[in-house]
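Before anything else, here's the structure in question.
The values are calculated or read from the model by the stated rules, or taken from the named source; none is laboratory data. These numbers were taken from a predicted model, which means no experiment stands behind them. A quick note on method: Cβ atoms are made from the backbone with ideal geometry, for glycine too, and the neighbour counts reach across all protein chains shown.
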Amino acid sequence: MKQETRKQEIIRIAAKLFKEKGYSAVTMRDLAKAMGIKAASLYNHINSKQDILKTIIISLAEEFTEGMKLIQTSDENCIDKLKSIIELHVRISSQNIYGMASLNNDWMHLEEKLEYYQKLRIDYENDFRNILKEGIVSGEIVNVKPDVMMFSILTTLRSLYIWIPKKEDLNLEELSSTLSKILITGINK
């Protein structure tokens, strides 16, 4: 396993603090204290709190975007693409619970990267919606409003970072499979 760099450590600890207190409430002094160093020492590795937020959010948004592009261009049927999207969210959320909190709760604090982030998000949602529309056309998915389906599924997936840490013996494969059954098939008997 690769040794964590000081910058990666700063980002990891900052993401945890952002989740616990909210981005706006965290100061560079808070971060330095959590790391056991002087605030001035942070600036040897990062430029600002904004740069930390940008790194956290943009890296996750780009990871989701890359995953969605692979899924969308695959030869899978629409149901399998939806299962792959669920697996993507489970994997990324389980590996980045603190970063996911920033992605969901602090994105509006992005400054110069806000428009870029919003474009990534819109493109992701458009790709998701298109998969649903293709599924409707092919007869794999019921003909119900794709926007409502997308909202329902994404709301659950975007909140996984809250739920995952509360489960000690979490099997990610089983979670992905169960979520797929519930979110795609429903709970009807």
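Could you list all residues from the stretch 1-27 that are in a loop (DSSP other than H, G, I, E, B) and either hydroxyl-bearing (Ser, Thr, Tyr) or exposed (fewer than 12 other Cβ atoms within 10 Å of the Cβ) (or both)?
Across the stretch 1-27, the qualifying residues are Met1, Lys2, Gln3, Glu4, Thr5, Thr27.
Residue check: is Met35 surrounded by 16 or more Cβ atoms within 10 Å (Cβ to Cβ), more than 21 Å from Glu112 (Cβ to Cβ) and either at pLDDT below 95 or touching a Pro at 6+ places or on another chain (Cβ under 7 Å) (or both)?
Yes.
Does Ile153 satisfy being aliphatic (A, V, I, L, M), closer than 26 Å to Lys19 by Cα and surrounded by 12 or more Cβ atoms within 10 Å (Cβ to Cβ)?
It is true that Ile153 is aliphatic (A, V, I, L, M), closer than 26 Å to Lys19 by Cα and surrounded by 12 or more Cβ atoms within 10 Å (Cβ to Cβ).
I need the full set of residues from the stretch 52-70 which are surrounded by 18 or more Cβ atoms within 10 Å (Cβ to Cβ) and of a type in the set (Ser, Thr, Tyr), in order please.
Thr55
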